[in-house]
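Working notes, structure below.
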Amino acid sequence: MIDLNLLIVIRTTLQVTGSALLISVGLGLLAGVYIALNDFPGRKVVVSIINTAMGLPPVVVGLLVLLFLWRGGPLGFLRLIYTTQAMIIAQVFLATPIIAGLTLAAIQQIPQKMKWQARALGARGGQLAWLLMREARYSLLAAVMAGFGGIISEVGAVMMVGGNIKGDTRVLTTAIVLESQKGNFEAAIVLGLVLLSLSFSINLGLTFIQQRKPGT
Amino acid sequence: MIKALLGPNGAGKSTYLRRLMGLDTGEVDRNAAMVFQEPLLFDLTVKENIALGLRFRRDREINRKVELWLMKMGIEPLGSRRALTLSGGEAQKAALARALAIEPKRLLLDEPFANLDLPSQIGLREELKAIIADKDIETIWVTHNKAEALAVADHLMIMMDFKVVQEGAPQAVVSNPNSVEVAAFLGVDNLFFGRVAAENGRRLFENQKVRFETAAEVKDRAWAVVHPEDIILSPEPLAGTSARNCLRGKVAEIIPLGLTYRLRIEAGEIFMVDITKVSAEELRISYGQELFLIFKATAVHII
């Protein structure tokens, strides 16, 4: 069963989810930390939007991205529909709110006195963000894992905007759907196991980073 | 120079300190360092914690200064330990090292030793006093503990209801509280309510239970304080001494306090008087014994 096609599907999966995760981690951490440490008009509305977006149904995200990227749509000229880039965009919309929301919660959970102490030490701007992110690093890695889990297992959005094109936009989840529909359960189960082990090894790696303790 | 800011819980001492530091306004004073009641160490190693203030100031000698302060606080063996595994006393030493490492011009301490046991409190307090004197750091030391304030203060500030209500040399404040609230908070003994009236060119403090001479001005509603250490006990009334009060009293209670006794004496009002064991034996102090309380008119402080 380990053939060239499977390897291509795994590569596409890692490429799409990996890129989407990198972008989402950047955006999500930045947004979460900024919102946690700053007060601005409309902050509560923004927080509510993020909290809602944490539970966005993937097919709705898929539909929205599809509408924008469709040939006749507002961003149709970019010719991104049915490409891996379109899938990455959809996954970024799914993972960023999860990471931002959990980051916001993690930073807010640091006791007020610790934040005073950080500022009393002279930390400002980026220094303050750096110190508080280090303090909340276990929660932040959990946020990254949640974002990763949300997109590697996702099928609706990538199916809609990627089109499940063989050798191009086919990923593990869409391949499982296809094989099941064709009645190739054996192939579907193997793909499922591959997906699980992939997800497990990446989470294992992140957990090892997370559980490192400072000092002796 | 240590200014102690003393006041009851909820008087606004911590808020006052945060304002001084600039934590409420957004512009933090970078020449100042602050230590809180809790060590508030970050989940890093001890060394990394001590280095934080120096890193934020892009100091060029971080390692040397971290080692120096680990040594000064006597916690060198703990440098590589995870800060969260330290005991309370060790952690507070690390927090002090972290604050002092930036060589602050001003040091703000918010009940820094309130969570420590008494022996560590006293040891650490003396170490810190020496460092403050040595480095000439302008220090504000918040505490609700009168003994601690008196042990450290060059200048004492009393805070109540979010205001500094009295300040000055510690002994001056303690012996001359400017309000009943301050007197009550400082635990002043022999505090009586009444009025100051003029009589034959003398001024007398009086209420329904007691009358004695004072040097203060006439006042309708007045509080009088007579410090226990200003009262002399005598088996005989002292006649003929001018401007001295001589009240007849009865010993109501004898409280042993190590080398001294504290006596509760009924002389109209209840007076607390301290007496050494030697004098107590000479006077053959016993319950119900009659004694005379002698104190100068100038020893009567009117609030």
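The values are calculated or read from the model by the stated rules, or taken from the named source; none is laboratory data. Worth saying up front: this structure is predicted, and the values here are computed from it rather than measured. Note that we place each Cβ from the backbone using ideal geometry, even for glycine, and neighbour counts take in every protein chain shown. Just so you know, the surface numbers come from the protein's heavy atoms only, side chains and all, with ligands and any DNA or RNA stripped out. Shrake-Rupley method; radii C 1.70, N 1.55, O 1.52, S 1.80 Å.
Some points to look at:
- Counted over chain A with a bin width of 5 Å, the fraction of Cα pairs per bin, in whole percents, is 1, 7, 13, 16, 16, 14, 11, 9, 6, 4, 2, 1, 0.
- Calculated [θ] (222 nm, deg cm²/dmol) that DSSP helices of n ≥ 4 give over chain B, each run adding -39,500 (n - 2.57): -8500 deg cm²/dmol
- Dividing the radius of gyration of the alpha carbons in chain B by their Kirkwood radius gives 1.12 for Rg/Rh.
- Cα-projected label distance for A:GLN15 with B:ASN115, points at 7 Å along beta-carbon direction, nm: 5.3 nm
- Restricting the GluC sites (Glu not before Pro) of the range B:14-110 to loop positions (DSSP other than H, G, I, E, B) with no more than 14 neighbouring Cβ atoms within 10 Å leaves B:GLU27, B:GLU61.
- Gaussian network model of chain A, Cα within-10 Å springs - most flexible of A:ARG137, A:ARG119, A:ARG170: A:ARG119
- Mean separation of Cα contacts under 8 Å, 6 or more apart, over the residue count of the range A:4-210: relative contact order %: 29 percent
- Per the Debye calculation on the range B:8-54 with a single equal scatterer at every Cα and no solvent contribution, log₁₀ I(q)/I(0) for q = 0.22, 0.24 Å⁻¹ amounts to -0.92, -0.99.
- At q = 0.06, 0.07, 0.12 Å⁻¹ the log10 of I(q)/I(0) for the protein assembly as shown amounts to -0.52, -0.63, -1.08, computed by Debye summation with a single uniform scatterer per C-alpha, solvent ignored.
- The mean of 1/r over all distinct Cα pairs in the range B:150-288, once inverted, gives the Kirkwood hydrodynamic radius of 16.9 Å.
- Placing a label point 7 Å from the Cα of B:GLU61 along the Cα-to-Cβ direction, the residues of the range B:96-127 whose backbone N falls under 16 Å from that point are B:100-105.
- For the range B:1-69 versus the range A:184-211, the gap between their alpha-carbon centres in whole angstrom: 46 Å
- Accessible area buried between chains B and A, both sides summed, probe 1.4 Å, in Å² to nearest 100: 2500 Å²
- B:GLN289-B:LEU68 pseudo-label distance in nm [points 7 Å out on the Cα-to-Cβ vector]: 6.0 nm
- Other protein chain Cβ atoms within 10 Å, averaged over every residue that makes up A:118-130: 6
- Taking the longest Cα principal axis of chain A as reference, the axis of helix A:58-69 is set at about 80 degrees.
- Acute angle (nearest 10 degrees) that the helix A:185-210 long axis makes with the longest principal axis of chain A, alpha-carbon atoms: 20 degrees
- Among B:THR139, B:THR214, B:THR85, residue whose mean-square fluctuation peaks in a GNM of chain B (springs only between Cα atoms under 10 Å): B:THR85
- Loop-located trypsin sites (Lys or Arg not before Pro) in the range A:36-79 (DSSP state not H, G, I, E or B) with no more than 13 neighbouring Cβ atoms inside 10 Å: A:ARG71, A:ARG79.
- Acute angle (nearest 10 degrees) that the helix A:43-53 long axis makes with the longest principal axis of chain A, alpha-carbon atoms: 30 degrees
- Each label was represented as a point 7 Å from its Cα along the Cα-to-Cβ direction; for A:GLU186 and A:ASN38 these points are 5.8 nm apart.
- Choice from A:GLY28, A:GLY72, A:GLY62 showing the highest fluctuation, given a GNM over chain A with Cα pairs closer than 10 Å: A:GLY72
- Bins of 10 Å from zero: percent of alpha-carbon pairs in the range A:89-161: 19, 39, 23, 14, 4, 0
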